[in-house]
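Novice: I am attaching a structure below and will ask some questions about it afterwards.
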Amino acid sequence: MPDQEYDHNRDLETFKDWLQKQPHLPHDVDELLLRRFLHSCRYSIERAKRTIDLFFTVRSNAPELFCKRDPWAPEIRRCFEITDLLPLPNKTKENCRIFIYRLNNPDLDLFNFVDAVKTFFMLADTRLTEDDDIPSGEIPIFDAANVSLKFIGKVNLSVLRKYMMYSQEAMPIRLKQVHVINAPSYIGKIHALCKPFLKAEVAKLIKFHEPKAESLYKDVPRELLPEEYGGNAGTIDQIKRYWIKKIEAKRDWFLTNDKRWAVDESLRPSNCKDDRVDQVKDLPGSFRTLALD
């Protein structure tokens, strides 16, 4: 084990040194975050380089998601109220972190897709920079109980595309499972929104569970879930308040981070081009214009 730890520390120093020599990338990056990139890329330094470059590049190409992020702003407060974004306190025996994401209010007139994704990434940034523990994997659970077909009309195509690329290819995490619970009969139409942007390996991880189904517990121990889902992890309100406080405590960081983590494309070396970046550019329209199967 000491040899392995030594190698990982040596990898970290190599990675740090490389980052400091990249003229177009931010240099003010916490060591914890660099460790996350190495871990999520299974200590392939070349893969970690490509991933962290895409991480900062997508952020720079998505100001609507990564700029003007004030936890006290009215639109963010509304997202806190109508959505529950819950990293759960206890991990699985395989050392995986579980999350529950849900709309707690069925009135979709209150829901703004761009604000919701922005808030989602504020929580992600809080975790990535504040949580010293690096889990072996991540298991998101999306509760679709309050998602109606009206949701399709709320989706912004450009933002969805950026969200899918960033969360699948740029964030320093290892997805292990993805669950959609309380899936309505029309879930196929909503799934069709994401399908064009789903990587094949991620699509294989998704499992749908009908309302009142017990099938989730085959993969996720019930006791790790909040009390409202029959578990022992505390109430949704307790977990939610804990994370809102953590996000609010980072307010100064959020208000200055959009400039600190920006990419300067004019300084990008010619050997650092990534074809995926071209896919991030804004797209016109929304899913209102798509023909769904």
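Novice: With a cut-off of at least 1 residues that are modelled with pLDDT of 90 or more and either of a type in the set (D, E, K, R) or assigned by TED's automatic domain parsing to the domain that holds Pro89 (or both), name the helices (runs of 4 or more DSSP H) lying wholly within region 226-293. Lay out the reasoning, then the answer.
Specialist: On the way: elements: 236-249, 251-260, 275-278.
Because the criterion is at least 1 residues that are modelled with pLDDT of 90 or more and either of a type in the set (D, E, K, R) or assigned by TED's automatic domain parsing to the domain that holds Pro89 (or both), the helices (runs of 4 or more DSSP H) in region 226-293 that meet it are 236-249, 251-260.
Novice: Next question. Can you name the residue in region 130-156 that is within 25 Å of Ala62 (Cα to Cα) and of a type in the set (Asp, Glu) and, of all such residues, is surrounded by the most Cβ atoms within 10 Å (Cβ to Cβ)?
Specialist: Filtering first and then ranking leaves Glu138.
Novice: Restricting to region 161-171, what's the tally of residues that are in contact with a Phe, Trp or Tyr (Cβ under 7 Å, 6 or more places away or on another chain) and farther than 17 Å from Ser60 by Cβ?
Specialist: 1
Novice: Six or more apart or on different chains, Cβ under 6 Å: which pairs go from a residue in region 25-43 that's over 14 Å from Leu54 (Cα atoms) and surrounded by fewer than 20 Cβ atoms within 10 Å (Cβ to Cβ) to one that's modelled with pLDDT under 95 and of a type in the set (Asp, Glu)? Could you list them?
Specialist: Tyr43/Asp11
Novice: A further question follows. Determine whether Ile52 is outside any loop (DSSP other than H, G, I, E, B), within 17 Å of Met171 (Cα to Cα) and out of contact with any Ser or Thr (no Cβ under 7 Å at 6 or more places or on another chain).
Specialist: yes
Novice: To continue, here is another question. Among the residues in region 48-63, are any closer than 20 Å to Asp252 by Cβ and in contact with a helix residue (DSSP H, G or I) (Cβ under 6 Å, 6 or more places away or on another chain)?
Specialist: Scanning region 48-63 turns up at least one residue that is closer than 20 Å to Asp252 by Cβ and in contact with a helix residue (DSSP H, G or I) (Cβ under 6 Å, 6 or more places away or on another chain).
Novice: Then there is this: Can you run down the residue pairs with Cβ atoms below 9 Å, 6 or more apart or on separate chains, where the first is in region 76-98 and farther than 26 Å from Asn112 by Cβ and the partner is charged (D, E, K, R) and assigned to a helix (DSSP H, G or I)?
Specialist: Asn90/Glu223; Arg97/Arg127
Novice: Tell me the residue from Arg127, Arg102 that is closer than 30 Å to Val29 by Cα and either buried (at least 17 other Cβ atoms within 10 Å of the Cβ) or in contact (Cβ under 8 Å) with a residue 40 or more places away in the chain (or both), please.
Specialist: Matching residue, one of Arg127, Arg102: Arg127.
Novice: Going residue by residue through region 217-228, is there one that turns out to be farther than 30 Å from Arg251 by Cα and surrounded by 18 or more Cβ atoms within 10 Å (Cβ to Cβ)?
Specialist: yes
Novice: Moving to a separate point now. Could you check region 38-61 and list, in sequence order, the residues that are among the small types (Gly, Ala, Ser) and either assigned by TED's automatic domain parsing to the domain that holds Glu138 or farther than 28 Å from Ile239 by Cβ (or both)?
Specialist: Ser44, Ala48, Ser60
The values are calculated or read from the model by the stated rules, or taken from the named source; none is laboratory data. Only a predicted model underlies this, so the values are computations on that prediction, with no experimental measurement involved. Note that we place each Cβ from the backbone using ideal geometry, even for glycine, and neighbour counts take in every protein chain shown.
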